[in-house]
Every structure is written in C-alpha cells, then in structure tokens.
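Here the structure is laid out as structure tokens; the discussion comes afterwards.
The values are calculated or read from the model by the stated rules, or taken from the named source; none is laboratory data. The structure presented is a predicted model; accordingly, all values stated were derived computationally and were not measured. Cβ atoms come from the backbone with ideal geometry, glycine included; neighbour counts cover every protein chain shown. Keep in mind that these areas ignore ligands, DNA and RNA; they rest on the heavy atoms of the full protein, side chains included. Shrake-Rupley method; radii C 1.70, N 1.55, O 1.52, S 1.80 Å.
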Amino acid sequence: MTQPQHTGGRVNVLTKPEVIGTIEELRSRLIDAQSRIESERAGRGDDAGGTPRIVLVPTMGALHAGHLTLVRRARSLGEIVVVSIFVNPLQFGAGEDLGTYPRTLDADVAALAAEGVPFVFAPTSQVMYPDGDASTRVTAGTVGSLFEGAARPGHFDGMLTVVAKLFNIVGPDVAVFGQKDAQQVFLVERMLADLDFRTRIEVVPIVREDGGLALSSRNRALEPDQRAAARALSAGLADAASVAGQGAEVALQVAHARIDAEPLVKLDYLVVVDPRTFLPVRALHHGPARMLVAALVGHTRLIDNVALELP
C-alpha cells in the first residue's frame, strides 16, 4: 500500500492514493495523518497552524477535468484531501441510469495520483447501507421537489442523505462542490445551516469544454451530433446573461429562442430563480438571480446554469 508523506504540512503521495473502502480504516488513517502533520510542525517549532484541515471532494467517480479543478481547489484549502467515489443508489430513481452509470475507479485513482491526492474513499453500497437501505433519511423539502427534483423524485433526499453520511464519516472542515449542480449546492448549504454541521462549503465555478458545454460525466454518452446540439444550452444561457439588464422575461425569451431552435435538444425546464430561496423570481425581483436549464439530448440528461444580475 502506498504511504502518504508530508511536505510543508500538506499531505502528498509517493505514487498513488490510498484507496480505502471502510469507514473505520478511513477514520483511522485521517487521525494518523493529522497526528503526523502536528508532529512535523512541532519538530519545526511551528505551533501556529492549528489542527490540520481535512477537505472533502464528494464525487460519483468517472472523473473529468471539472472534478480535477475541484481537487486543485481542495488542495489549496487544507492539508489533507479526501476524494470520495461512490455511486449512490439512493439518488437514482426507477428507470434512471444507476446500472449503466460509468464506473472507472482505476482511471480515477490514476488521475487523482497526478493531483497529489492522498486518500480516496471508495466504499461499496454494503458499507454505506449495511441493512440494504437507509431507513433514516434527510429530506430536501419544497425546493427538493422542484426542477431536478420534479424530474427525479427522491433524488435530492438521497443526495442529502449520502452527503450527511460522508460529512459524518470524514469530518471535513471544508467540502468542495461544483457550481454546475446549483440546486444541489443550495440544498447542501441549507442542510448545513439547518442541522448545524461544522463543515464549510466551497463552490467552484463551472468548468466548460471549448464549445461551452458544461463538463459532466454524462457527456461521454453523447454522440458527436448530440454534443454539438447540446452547446445550445450554454449558448442560450450566455445570451440570457447578455440581456439580463432588460429583465428576467427578456432573458428567458432570448434563451428559449436559442435552445428551442435546436431540434435534438428536448427542453425540460428553463427558469430564473432567486438564489436566496431557489424559488422562481417574482415579477419585481431586482439584483442577483440564477437561470437554470435542463434538457434531454438523446437519452442523456444535461443541466447548466448561469448567474444573472437583474435591474
């Protein structure tokens, strides 16, 4: 097993991350890592660093450049980085792609080794849900039933439940999420506030392909013509942002014009929400807002969003 080393108070790796599959082992290894960093600090006479920070990047694997951007941000925020890789069955509904969701653990670990990640937590469903299901769950409330929640009933309850479990297992000081999943970010932040978690959330801007398409593990399922068509989503959002000074209705009209013109894109929703409540903006809303879009391109569901400033 590859052992982590510590340089300048930050955990690095010799060749590859430790892939850990059980809760007990992960907790033990994190305690060991914190103790070693503290000992090294004491040996240098550096007692001002406090307890070494743990930063978690929760993922479902099939890592791409967007995930690696989260990892790089995580490494700047703390001394010990943990990347979790777990395809969570609770957030997949009937007819969704749980069975076919890409699982590429070896490639993911290789990519994380290149980023200097010391620990990968890759539990099985049996480890996370030893009784076959979670009888106690976190509920996402009204916002969890809107937008992605309307299209995927129960998805956000399952997501919040596994995130809460990961926070309790890892005990991170910071957890890093991507802005692409804007509704997820809102719900996680609200859960932290409502349930008084000690973890802080860091949100990283959306990473995009050269043509503007937001990076997603599901993009690999797109055929070339579908990938080209999918760029209408980001283009529509960019068009909306450019006219947001004329109000939400105008922004929606121009976004619809761009997206609806692409026959391979089947729009699910296009909406402008208040980032404070994640509910659709009222007619007289002024200030920050966020436009959300979701669509099917072929059999692949894609989401995206953009910040707006309404007059």
Residue-ordered couplings for region 280-291, obtained by feeding phi - 60° into the Karplus form 6.51 cos²θ - 1.76 cosθ + 1.60 and rounding to whole Hz (Gly and Pro as x), are x, 5, 7, 4, 9, 5, 10, x, x, 8, 9, 8
Once all protein chains are kept in place, TYR101 shows an accessible area at probe 1.4 Å, nearest 10 Å², of 20
Taking the dipole of the chain about the Cα centre (Lys, Arg +1; Asp, Glu -1; charges at Cβ), the one of ALA228, SER39, THR139 that reaches farthest to the positive side is SER39
Per residue, the convex hull enclosing the Cα atoms of region 111-266 spans a volume in Å³ of 172
With +1 at each Lys and Arg Cβ and -1 at each Asp and Glu Cβ, the charge dipole magnitude of the chain around its Cα centre, to the nearest 20 debye, comes out at 280
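Hey, can you find the accessible area per residue of the chain for me, probe 1.4 Å, expressed in square angstrom? Don't skip to the answer; put the middle values down first.
Working: 14090 Å² over 311 residues.
Accessible area per residue: 45 Å².
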Non-local residues with an amide H under 5 Å from the amide H of ARG208, with H modelled 1.01 Å from N and Pro and chain starts lacking one, are LEU215
Per the Kirkwood formula over distinct C-alpha pairs, the hydrodynamic radius of region 33-111 in angstrom is 14.9
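What are the trypsin sites (Lys or Arg not before Pro) within region 267-311 that DSSP puts in a loop, where the Cβ has at most 10 other Cβ atoms within 10 Å? Please report the intermediate quantities before stating the final value.
On the way: sites: ARG276, ARG282, ARG290, ARG301; in loops: ARG276, ARG282.
Qualifying residues, ordered by number: ARG276, ARG282.
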Carbon/sulfur accessible area of the chain, % of total, 1.4 Å probe, equals 53
Computed ³J(HN,Hα) along region 110-117: with the Karplus parameters 6.51/-1.76/1.60, θ = phi - 60°, integer Hz and x for glycine or proline, the list is 4, 5, 6, 4, 5, 9, x, 7
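Hey, what D do you get for region 219-310 in µm²/s if you plug the Kirkwood alpha-carbon radius into Stokes-Einstein at 4 °C and 1.567 mPa s? Please list the in-between numbers first.
Values: Rh = 13.2 Å.
Using the Kirkwood radius from Cα pairs, D works out to 98 µm²/s.
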Across 10 Å bins beginning at 0, the whole-percent shares of Cα-Cα pair distances in region 20-158 come to 10, 31, 34, 18, 6, 1
Percent relative contact order for the chain, counting Cα pairs under 8 Å at least six residues apart, stands at 15
Check: C-alpha center region 85-163 vs C-alpha center region 258-280, spacing in Å is 24
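Once you compute Rg and the Kirkwood Rh from C-alpha atoms, what is the Rg to Rh ratio for region 139-201? All intermediate terms of the calculation are to be shown ahead of the outcome.
Numbers: Rg = 11.3 Å, Rh = 11.9 Å.
Answer for region 139-201: 0.95.
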Over all pairs of different Cα atoms in the chain, the reciprocal of the mean inverse distance gives a Kirkwood radius in Å of 20.7
Sequence order, region 61-78: Karplus ³J(HN,Hα) from phi using 6.51 cos²θ - 1.76 cosθ + 1.60, θ = phi - 60°, Hz rounded, Gly and Pro as x, gives x, 6, 5, 10, 4, x, 4, 5, 5, 4, 4, 4, 5, 4, 5, 7, 9, x
